[in-house]
Each structure stands twice: as structure tokens, then as C-alpha cells.
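Written below as C-alpha cells is the structure these notes are about.
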Amino acid sequence: MGVLVILLYTAVLSAQAQVRQEVRLPNIAGYKTLKCDFHMHTVFSDGAVWPTVRVDEAWREGLDVISITDHIEYQPHKDDVPTKHNRPYEIALPRAKERGILLIRGAEITRDTPPGHFNAIFLEDVTPLDTKELLDAMEAATKQGAFIWWNHPNWKPEKKGWLDIHTELYDKKYMRGIEVVNGLDYEAQVHAWALEKNLTFMGNSDIHDPCPVDKTTPERHRPMTLVFARDKTSEAVKDALVSGRTTIWYNDQLIGKPEYLQAIFDKAVTIWDIDYEGDNIIRCAVENDCDIGLKLARADGPGPRELVIPPNGKALLKLKVKSVESPTELSYIVQNFLIAPNKGLPVSLTIPGQVTVDIGVEMQDK
Ligand SMILES: [Zn+2]
Ligand SMILES: [Zn+2]
């Protein structure tokens with residue numbers, strides 16, 4: 001009996017393992033919104049899983065694109081798993097094709113802090129990056145057309161800071177992105193550098209252990225780099241990264257440039273079900289059609305002080321407006337859409353006036 005229960009339990013677990021949790025986020029500005037994680041480890045460096053496991057995890061968690069980026073210079077399992085820099089990619093590739101995950105060949109260039117760690121992706125061959133000098137590794141990666149960014153810049157608090165070497169890497173255009181989010185950590189200082197230097201916003205898991213077989217939820221998910229790409233190809237993803245077309249999904253927050261956050265907001269939010277009660281009282285619903293909840297705080301003017309719209313949910317509004325004949329603009333700050341450290345995205349909610357009823361806003365029966 002006990003054995004049967006265990007077998008059933010195992011069957012349930014493995015059935016769960018086969019479910020892909022789609023992440024609902026709108027496509028914007030003519031681009032597809034690809035869910036990406038460009039930083040993770042396997043037993044080929046200091047990770048605890050086989051490369052195919054990273055693909056299965058990514059598929060379950062709704063990711064579209066991943067890169068396995070084992071440390072080139074740090075191989076603690078090398079007595080058991082020999083140093084073969086290209087094997088994680090080669091082993092994972094057939095599984096990625098099976099699962100429909102775009103796998104990009106990458107590696108982590110690992111130096112003592114400072115200067116720290118850097119990921120290079122879109123590589124053809126990792127081996128030439130195994131050099132003594134950091135700049136030689138950077139040059140070898142760049143020759144292959146790599147996109148390189150600075151990982152977890154403030155990982156060692158006692159040695160943090162933007163130093164001359166980072167300026168050199170930046171000026172030589174080796175370093176074109178920066179991890180504003182790494183694993184559980186967001187750094188305001190790094191966010192400020194990303195803005196100041198116009199570096200591509202990267203948010204990655206840097207996962208070493210196996211991912212738990214949990215559902216991805218709006219509140220509980222690995223950090224992702226959302227890439228706005230023409231299509232799901234290596235060339236299109238690279239073009240987006242080089243052009244800085246990314247945003248980070250971190251806990252219940254989006255972190256990125258205002259134009260992308262605004263575009264996501266505009267696509268996700270619809271105002272409808274307008275109902276007039278007389279005395280210029282309007283009731284309507286603000287609907288959020290995506291997996292990220294919206295936390296709005298009133299900037300000024302009419303409207304409730306706070307407006308919380310759950311993921312894939314609605315907030316009902318009852319407003320006294322000046323006139324039901326013309327639209328009413330509500331000014332809010334989306335507090336969980338960060339355009340700078342501690343600075344949310346300003347938005348305007350347009351509550352249509354009566355005149356717009358006949359262009360598609362449904363009146364509620366009363
Ligand atoms: Zn690292
Ligand atoms: Zn790492």
C-alpha cells in the first residue's frame with residue numbers, strides 16, 4: 001500500500017513536471033515579448049544539475065530563450081566532469097529544440113572582484129575565451145560577435161564600484177549591458193549606472209541549484225529579461241540586446257526604460273463597463289490583461305488615492321467627475337513599474353465621456 005502511494009505521488013510529481021506555465025505579457029511596438037534568462041550554471045562549472053535539466057526547468061517556467069553560462073575559469077567539479085566549455089550547450093541543444101526553447105551559447109568570464117564577472121553570449125566557440133588576460137577574453141568574445149554584460153556588479157559589497165577597468169570595457173564597447181537584477185537582488189546603484197551609461201538592462205536568475213517544481217506565479221518566479229525582438233531567433237534577440245530593447249521582470253516589478261513600460265501598460269490596461277449614476281457619478285472597470293499586477297498611486301487630480309489591479313484582474317472605480325460629456329483624465333504613478341531607482345512610471349487613465357459610448361464602450365444595463 002505504502003509503495004503504491006509513493007508510486008502515485010511520484011507519478012503526480014512527474015506529471016506536474018511536464019506542465020508549461022505560460023507567462024502572459026503583451027507584445028509591444030511590433031515586437032514579440034520574449035521571456036529570457038541569460039545566466040545559469042550546470043555541473044560543468046559550479047551548478048548542481050545536468051544541462052538538459054536547465055532546459056526542462058525553463059520550459060516549465062514559461063521561458064522562451066535561455067543561455068547556459070558556466071564559469072570558464074572556475075570548475076570545482078572538474079575531477080568528475082572534465083573541463084569542456086562547449087559541452088553544456090551541445091548537450092542541452094537537442095532538448096531545447098524538442099521543447100521549443102531558443103538556446104544561446106554562452107559562458108561566464110570569471111575574474112576576481114574587481115573587475116568581477118561578465119557573461120558573453122552568441123558565441124560560436126567558448127574555448128578561445130579561456131585566456132589569462134581579461135581583455136584577451138573580451139576581444140576573443142567580441143571577435144565572435146558576442147554580446148557581453150557585467151554580472152552582479154555589487155556582489156562583493158566591500159569591493160563594489162565602477163572602476164577604471166569598467167570604463168575601459170565600456171569605452172571599448174566590450175561591455176554593453178549590466179545585471180540590474182541578479183537572482184534575488186536588485187541594486188539601485190546598478191540601476192542608476194544602466195540609465196547613466198545607456199547599458200542594456202539585464203535581469204537573470206544565475207541559478208546554481210535545481211529549480212523547484214513550482215508554478216510560476218506573478219509574485220513567485222525567477223527574474224527574467226524581457227526582450228522585445230522581431231521574432232524568436234538568435235539574430236533577432238541579439239539585435240534587441242544590442243539596441244537595449246529589454247525590461248526586467250523582478251518579483252512584482254518591471255524595471256526598464258519608460259517607453260517600454262508605457263507600451264506594456266497601454267497594451268495591458270483597458271477601461272470599460274462605464275455606468276452613469278447621475279450627479280456626474282461614473283462607475284467603470286480598469287482591467288489588467290497581463291501577469292503583472294499594477295500598483296497605482298494618485299499623482300494629482302481626481303480618483304482614489306490608490307488603485308491596485310491584480311494580475312489578469314480588474315479594479316472597479318466609482319468617480320465623481322466634472323462632466324460625463326467629456327473624458328476625464330486620471331493621473332497616476334505605477335509604483336511597481338520602475339523607470340529609475342524609487343521612481344514609478346507616470347500614466348494617465350482616460351475615463352471616456354458619454355460621447356465615446358457609441359465607439360465600443362459597453363453600457364451596463366441598469
Ligand atoms: Zn558570477
Ligand atoms: Zn554566474
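The values are calculated or read from the model by the stated rules, or taken from the named source; none is laboratory data. In this text the structure is predicted, and so the values were computed from the model without any measurement. FYI the Cβ positions are ideal-geometry reconstructions off the backbone, even for glycines, and counts take in every protein chain you see.
Summary table below
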read-out: Test: residue in segment 105-113 that is away from ligand 2 (no atom under 14 Å from the Cβ) and more than 22 Å from the chain's Cα centre (by Cα); value: yes
read-out: Close pairs from segment 132-160: first within 15 Å of Ala194 (Cα to Cα), partner away from ligand 2 (no atom under 15 Å from the Cβ) and among the acidic types (Asp, Glu), Cβ under 6 Å, at least 6 apart; value: Asn154/Glu187
read-out: Selection status of Glu124, away from ligand 2 (no atom under 16 Å from the Cβ) and either more than 21 Å from Leu93 (Cα to Cα) or within 22 Å of the chain's Cα centre (by Cα) (or both); value: no
read-out: Residue list for segment 93-111, filter: at pLDDT 95 or above and within 16 Å of ligand 1 (Cβ to nearest atom); value: Gly106, Ala107, Glu108, Ile109, Thr110
read-out: Matching residues, segment 68-104, being away from ligand 2 (no atom under 13 Å from the Cβ) and among the β-branched types (Val, Ile, Thr); value: Val81, Thr83, Ile91, Ile101, Ile104
read-out: Meets criteria (touching a Gly at 6+ places or on another chain (Cβ under 7 Å), modelled with pLDDT of 95 or more, surrounded by 19 or more Cβ atoms within 10 Å (Cβ to Cβ) and within 30 Å of Glu168 (Cβ to Cβ)) for His41; value: yes
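Yes or no, residue by residue, for (1) away from ligand 1 (no atom under 16 Å from the Cβ); (2) polar (S, T, N, Q); (3) under 18 Å from Met202 (Cα atoms):
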| residue | (1), (2), (3) |
| --- | --- |
| Arg24 | yes, no, no |
| Asn27 | yes, yes, no |
| Phe44 | no, no, no |
| Pro51 | yes, no, no |
| Arg60 | yes, no, no |
| Gln75 | no, yes, no |
| Asn86 | yes, yes, no |
| Ile91 | yes, no, no |
| Thr113 | no, yes, no |
